[in-house]
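The values are calculated or read from the model by the stated rules, or taken from the named source; none is laboratory data. All figures in this text were calculated on a predicted structure; none of them were measured in a lab. Cβ placement follows ideal geometry from the backbone for every residue including glycine, while neighbour counts extend to all protein chains displayed.
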Amino acid sequence: MTYFVLREEKALSYQNYQNGFRKTLGQIVARLRHPSGQLALLNPAAASSKPTPLRPLLLPFSALDFDDQSKVQQGIEMSGCLVQYPDNGAACVAIGNKPWAGGFFYVAGRFASPDLQNHPRGDKWVEMAHRVRITAQVRGQTYQWIAPVELSEQQKPSQGLRGRLTGFIGSSGPLLHAKPDKEFRGWIWQEPYCVEDDPAPVSVCSKRSFFSVRLPIAALQGDVLHQPRALWPPADLAQMQVRVEVLAPGEGLPLFDSNRPQATPLFSLNDLAPLLLPGETLQITRPGSHDKPYCLIGSSDSNNDASPLIQRLIGELRVEGGDAPLVLQDEIATPLGNYELKLTGDVRTVNQSLSRVATRISWMVAAMLTAIAVVWLLMEASLIRRIIVLQQRANRVSRSMHLGDGLAQLDLNDLRGSDELGVLAACLSDLLQRVREDLNRERIRAEQEKDMWHAVGHEIMSPLQSLKALHGTDDNESNRYINRMQQAVRVLYGSASPSEAIQSTTLDVDVIDLNAFLHNVASNAHFIEVDNVWYVGDIHPLLVRAEEYALEDVVSHILRNAARYRVEGSRITITLQTTPTTVSVSIHNQGPPIDDEMLDKVFEYGVSDQLDSGANGNRGQGLFVAKTYMAKMGGTIAVSNIDDGVCFVLTLQRAADSKR
């Protein structure tokens, strides 16, 4: 049964291959009979060269009517000689297929730009107008023209523009007494509407322009005029190069440059290779020509996963007509003569394709038989493995709880399922997740209580220490009450975070005398263990809006930070600067500067540069308290690095009496 099935499949595959083989030749012939295909036949060297720089191509037409926009566009688009560029750019350089048309290059293309700027006739400067610069390299000689746009009179941009490209030999500079090249002929046309991807108004948007130029090439004209039977096309046509540049008014990058990268290659004979199946060969020859035949070979099939045994069996099968060679021929007529096509097939591709299909089916049948034999083993092994995994993970969690290491991570997502074991694993995973969440909440609550204790210690213990320094003798009655207050602070705790408690504080803003206040702070600074504080101010009252105790906390926090980082024994200076509406208090210390990336972070809660800051009472909340209190009093606080240290600036609002 297997033998007859494979034989029947091979016969059907062979018939399908023959039909597809004929269709492949039909597609190739249809493509080559099109003008773009004839262009590829007439220019076989273009298949192995890069699209840029541009090289003249031999057209399937005798010449181009370069004065007529429609005929030029139709000719170059049908022949497919336009090399496409990004941003609506394209260019074509070609010659006619008859030598009597003259030694000319036809250059045509398009680009996008705002309205074309005219070059008045007789003006020696061309830089203020749009212009086309063309450079041709032919047989070691360089030809170059600059062609400014000379628009026709009485034209409206809304209806499109049309003008002449007058060619002058050279590249730039004043024309002076230069006369245009009579053999150089060129025209340019600009559309009246914007390109699709330009949202600008019509008056300034980019519009497509199409240009057509005939270039006189002296070297080719000499061949045509002085040699009655000149070889045409020239044998060195593929070595000639042309560069086309469109320049905007002024000095700058070209609007279009044919040498720019990312150009799309033209259709060439190599593009026919994907139509060929593995083993097929296409040979293109021109009878009577000394050129070598052009050969294309189908890509080899690297997918050789067929079984050698099945491949040998299918190769021994005989089908009707299977031994005959597969060869088809056809002919393409071009202006330079006929080209013969010869397509050769390989029947071995039929055997290889059928062998791969048969191999895949054989493996599937073998896998089905094997699956039937081992299915109960797989089920048993799968169930037992899941039970063992669940038991091992549960034991690991149990050991971690007994050893006091906390609740170990237990991931049972891979054991979930619709059976009894999967339901058990899902319930156990959800239960452990709830337990883990409860433990996390307890940990967070304990951290909050610890933070609150440190916050209370930071904000209350410091002033209590100052009071104790004033009334710390044993015979002072106040010492007993201070000790009681310290004991009360030690057992105090709260449920809110310190930052939330500080931010929710309400201040009673009043009018205070800032001069008297700062004199008092500077004279009593040693009570908070900050010595050598100098206040530079006068004795006249200076009224500001603030809350006295909150402002004292702000200044105390800044003085402690200044004392911590100042040069040992140096002063901490407090100065004032006033405006009609505000008063700025500057607190300056000599010491190392603050890192630039930390200038905007020092006022954030919990920011501190000291290791184990919480244990030392430095929890990074002093400057956060200062910024919060200043904001509640309608003021601001800022810090900056100066030449010899750091300066904090407090800005407060002046009271009405002080303004007067």
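For the reader, a short list of remarks on this structure follows.
- Flag if residue 65 is closer than 30 Å to residue 199 by Cβ and either hydroxyl-bearing (Ser, Thr, Tyr) or assigned to a loop (DSSP other than H, G, I, E, B) (or both): no
Residue-wise test of (1) surrounded by 15 or more Cβ atoms within 10 Å (Cβ to Cβ); (2) assigned to a loop (DSSP other than H, G, I, E, B); (3) polar (S, T, N, Q); (4) at pLDDT below 85.
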{"position": "585", "(1), (2), (3), (4)": "yes, no, no, no"}
{"position": "588", "(1), (2), (3), (4)": "yes, no, no, no"}
{"position": "594", "(1), (2), (3), (4)": "yes, yes, no, no"}
{"position": "605", "(1), (2), (3), (4)": "yes, yes, no, yes"}
{"position": "611", "(1), (2), (3), (4)": "no, yes, no, yes"}
{"position": "614", "(1), (2), (3), (4)": "yes, yes, no, yes"}
{"position": "623", "(1), (2), (3), (4)": "yes, no, no, no"}
{"position": "631", "(1), (2), (3), (4)": "no, no, no, no"}
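- Considering (1) free of Cβ contacts under 8 Å to residues at least 60 places away in the same chain; (2) in a helix (DSSP H, G or I); (3) not basic (Lys, Arg), the lone condition that residue 20 does not fulfil carries the number (1).
- Scanning segment 137-157 for residues that are at pLDDT 90 or above and within 24 Å of residue 88 (Cβ to Cβ) gives 145, 146, 147, 148, 149, 150, 151.
- Residues of segment 526-542 satisfying the condition of being surrounded by 14 or more Cβ atoms within 10 Å (Cβ to Cβ) and within 14 Å of residue 585 (Cβ to Cβ): 533, 535, 537, 542
- Looking across segment 262-286, the residues that are touching a residue at least 60 places away in the same chain (Cβ under 8 Å) and either of a type in the set (S, T, N, Q) or within 29 Å of residue 219 (Cα to Cα) (or both) come down to 262, 263, 264, 265, 266, 267, 268, 270, 281, 283.
- Contact map, segment 524-536: first residue touching a residue at least 24 places away in the same chain (Cβ under 8 Å) and in the same structural domain as residue 567 (by TED's automatic domain parsing), second residue buried (at least 20 other Cβ atoms within 10 Å of the Cβ) and not in a helix (DSSP H, G or I), Cβ cut-off under 6 Å, separation 6 or more or different chains; pairs are 525/533; 533/572; 535/574.
One line per residue, one yes/no per condition, for (1) outside the structural domain of residue 152 (by TED's automatic domain parsing); (2) of a type outside the set (A, V, I, L, M, F, W, C); (3) farther than 20 Å from residue 243 by Cβ; (4) touching a residue at least 60 places away in the same chain (Cβ under 8 Å):
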position	(1), (2), (3), (4)
89	no, yes, no, yes
92	no, no, no, no
99	no, yes, yes, yes
102	no, yes, yes, yes
111	no, no, no, yes
116	no, no, yes, yes
121	no, yes, yes, no
127	no, yes, no, yes
136	no, no, no, yes
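So that you can scan it fast, the table gives a plain yes or no per residue for (1) touching a helix residue (DSSP H, G or I) at 6+ places or on another chain (Cβ under 8 Å); (2) outside the structural domain of residue 329 (by TED's automatic domain parsing); (3) modelled with pLDDT of 75 or more; (4) within 30 Å of residue 28 (Cβ to Cβ):
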site: 358; (1), (2), (3), (4): yes, yes, yes, no
site: 373; (1), (2), (3), (4): no, yes, yes, no
site: 383; (1), (2), (3), (4): yes, yes, no, no
site: 391; (1), (2), (3), (4): no, yes, yes, no
site: 394; (1), (2), (3), (4): yes, yes, yes, no
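- Exactly one residue out of 223, 198, 181 is part of a loop (DSSP other than H, G, I, E, B), at pLDDT below 85 and of a type in the set (Asp, Glu), and it is 198.
- In the set (1) of a type outside the set (Val, Ile, Thr); (2) in a helix (DSSP H, G or I); (3) under 30 Å from residue 278 (Cα atoms), residue 392 fails one condition alone, (3).
- Candidates are the residues of segment 236-295 that are of a type in the set (Val, Ile, Thr) and under 18 Å from residue 94 (Cβ atoms); the one that is surrounded by the most Cβ atoms within 10 Å (Cβ to Cβ) is 244.
- Flag if residue 544 is more than 19 Å from residue 651 (Cβ to Cβ), modelled with pLDDT of 90 or more and in contact with a strand residue (DSSP E or B) (Cβ under 6 Å, 6 or more places away or on another chain): no
- Of all residues in segment 138-149, none are surrounded by fewer than 21 Cβ atoms within 10 Å (Cβ to Cβ), assigned by TED's automatic domain parsing to the domain that holds residue 114, in a loop (DSSP other than H, G, I, E, B) and within 43 Å of the chain's Cα centre (by Cα).
- Checked against the criterion of being loosely packed, with under 15 Cβ neighbours inside 10 Å, out of contact with any Phe, Trp or Tyr (no Cβ under 7 Å at 6 or more places or on another chain), hydrophobic (A, V, I, L, M, F, W, C) and touching a residue at least 12 places away in the same chain (Cβ under 8 Å), the candidates 45, 63, 30 yield just one match: 45.
- When residue 573 is tested against (1) touching a helix residue (DSSP H, G or I) at 6+ places or on another chain (Cβ under 8 Å); (2) of a type in the set (Ser, Thr, Tyr); (3) assigned to a strand (DSSP E or B), just one condition goes unmet, and that condition is (1).
- Against the conditions (1) under 18 Å from residue 48 (Cβ atoms); (2) modelled with pLDDT under 90; (3) out of contact with any strand residue (DSSP E or B) (no Cβ under 9 Å at 6 or more places or on another chain), residue 267 satisfies every one except (2).
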